[in-house]
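Right, one structure below, let's go through it.
The values are calculated or read from the model by the stated rules, or taken from the named source; none is laboratory data. Since this is a predicted model, take the numbers as computed values, not measurements. Cβ placement follows ideal geometry from the backbone for every residue including glycine, while neighbour counts extend to all protein chains displayed. Ligands, DNA and RNA are excluded from the accessible area calculation, which covers all protein heavy atoms including side chains. Shrake-Rupley method; radii C 1.70, N 1.55, O 1.52, S 1.80 Å.
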Amino acid sequence: MIPRPSYIEKILPYVDAPFVKILSGVRRCGKSTLLRMLMEELKKRGVPEGRILSYNLDSLQHEDIKTARRFYDDVKGRLAPEGKTYLFLDEIQEVESWEKAVNSLMTDCDVDICVTGSNSRMMSSEISTYLTGRYVSFKVFPLSFDEYMRFREAYGTPGERHTELARYLRYGGFPAIHLHEYTLDEAYTIVRDIYNATIFTDIVKRNEIRKVDQLERITRFVFDNIGRTFSAASISKYLKSENRVIGNETIYSYLSKLESAFILHRCSRYDIQGKELLKTQEKFYIADPAFRYSVLGYTPDSVAAMLENLVYLELLRRGYEVTVGKLGVTEIDFVATRQENRLYIQIAQRIESEATEKREYGRLLAIPDNYPKYVLSGDVFAGGNYQGIKTMRVADFLLSDEY
């Protein structure tokens, strides 16, 4: 197992605290492996194996305990007779009303609980109802560029970081892709399986969706328009051009389900001058670039949007709340806020003309505060400062520890 310390270091302080640890994220992003890493850490701390109990609830082995009562009884019957039992429950959403069972275990037994999940049941109102004040959540993402580089060192033949960024953008960050030297076709076969399992298990089956074709067409449209301001009307118009009529409410419902399955992330707009979130013209970003390329294929004109997507995901990994900035009639790619810290970021695939330079730097120079500002580029010549704005290549930014 390749360590993922950025997650382990966040979770460990809550071990032996009276909180359920909830790890949520898209399928196959590495949640199960994180559970195994936590179990290994407990063993290093001297916890006997007999006090560590794990369930993989996706397995047929546990098919007969998928109700809260049966699950509760089964777990209670396996707890260590003495001392605290550490429970690791993988894909807990497979248990009906799991929140009740987990809450009862926390109340009735001497346990420390960590769970994972891959869909909306991990952020539903039931969690707040049954676990109010008794849980902490951790969002898990596919591999960051830094983690990807460590996988390449262990399982491949890594090149120079800027060359590797191009490969990372094409292959994405699902850990399974980087355990061997797969071709792109082989890698995309794996990713399509992840995509199909998520669409049909976590969305279609769970929500009893009948018009699967509509869902798939909307998904493909969003994948093809990553990083562009969105309106339901634009999707409706696109579908109408294909002689398919669908209402705005249905479109938003499908998008919400894609978010709940962690395939999409919604990025709201923020009025920098008015200091308020706006309710229209948000953007969507994808959980991993390989989703887009495995479904739609690769096109050179998608690179700029995918670079933007990589930066967005990295900011989320580091705990920032990310919005699209509105400044008068212009747009700032990202306004990233974490407690009292804020960053403004513009991203350009290349800065090859004076017009591009004026556009990217001019927007940041117009912001009337002194928070750090970045222009990020895939350009080989990117670097240095321009009137206090730091210019970096995207690969360097993704690996930087300065923000």
- Query: Pairs, please: C-beta under 7 Å, at least 6 apart or cross-chain, first residue closer than 19 Å to Asn309 by Cα and in segment 209-231, second open to solvent by 20 Å² or more (accessible area, probe 1.4 Å) and of a type in the set (Gly, Ala, Ser)?
  - Reply: Ile226/Ala305; Gly227/Ala305
- Task: Determine which member of the set Tyr254, Tyr188, Tyr182 is surrounded by 16 or more Cβ atoms within 10 Å (Cβ to Cβ) and closer than 30 Å to Glu331 by Cβ.
- Result: Tyr254
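Within segment 137-158, count every residue that is in contact (Cβ under 8 Å) with a residue 60 or more places away in the chain and open to solvent by 20 Å² or more (accessible area, probe 1.4 Å).
Of the residues in segment 137-158, the ones in contact (Cβ under 8 Å) with a residue 60 or more places away in the chain are 137-147, 149-151, 154.
Checking the rest, the ones that are also open to solvent by 20 Å² or more (accessible area, probe 1.4 Å) come to 137-139, 146, 149-150, 154.
Result for segment 137-158: 7.
Taking segment 377-403 only, how many residues are under 18 Å from Thr337 (Cα atoms), in contact with a Leu (Cβ under 8 Å, 6 or more places away or on another chain) and in a strand (DSSP E or B)?
From segment 377-403, those under 18 Å from Thr337 (Cα atoms) are 389-390, 397-398, 400-403; that's our starting set.
Checking the rest, the ones that are also in contact with a Leu (Cβ under 8 Å, 6 or more places away or on another chain) come to 389, 397-398, 403.
Checking the rest, the ones that are also in a strand (DSSP E or B) come to 389.
Selection size over segment 377-403: 1.
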- Task: Output the residue which, of all residues in segment 191-230 that are farther than 30 Å from Ile345 by Cα and not in a helix (DSSP H, G or I), is least open to solvent (accessible area, probe 1.4 Å).
- Result: Ile209
- Item | Residue check, Asn103 in contact (Cβ under 8 Å) with a residue 40 or more places away in the chain, buried (at least 18 other Cβ atoms within 10 Å of the Cβ), farther than 25 Å from Lys43 by Cα and of a type outside the set (Lys, Arg) | no
- Note on the structure: Among Arg36, Arg69, Arg51, Arg28, the single one that is among the basic types (Lys, Arg), in contact with a helix residue (DSSP H, G or I) (Cβ under 6 Å, 6 or more places away or on another chain), open to solvent by 10 Å² or more (accessible area, probe 1.4 Å) and modelled with pLDDT of 95 or more is Arg28
- Message: When you check Val295 against the structure, is it modelled with pLDDT of 95 or more, more than 20 Å from Ser234 (Cβ to Cβ) and in contact with a Ser or Thr (Cβ under 8 Å, 6 or more places away or on another chain), yes or no?
- Response: no
- Residue under evaluation Ala176, criteria (1) part of a helix (DSSP H, G or I); (2) at positive phi, criterion not met: (2)
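Taking the condition open to solvent by 20 Å² or more (accessible area, probe 1.4 Å) and under 18 Å from His162 (Cβ atoms), does Gly378 pass?
Numbers: open to solvent by 20 Å² or more (accessible area, probe 1.4 Å): yes; under 18 Å from His162 (Cβ atoms): yes.
Taking the combined requirement at face value, the residue satisfies it.
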- For segment 159-205, the count of residues that are without any contact (Cβ under 8 Å) to a residue 60 or more places away in the chain and out of contact with any Phe, Trp or Tyr (no Cβ under 9 Å at 6 or more places or on another chain) equals 13
- Taking only pairs six or more apart or across chains, which ones have beta-carbon atoms under 8 Å, a first residue in segment 57-78 that is over 15 Å from Glu91 (Cβ atoms), and a second residue that is open to solvent by 100 Å² or more (accessible area, probe 1.4 Å) and of a type in the set (A, V, I, L, M, F, W, C)? none
- Could you please give the count of residues in segment 83-108 that are under 21 Å from Leu38 (Cα atoms) and not in a helix (DSSP H, G or I)? 9
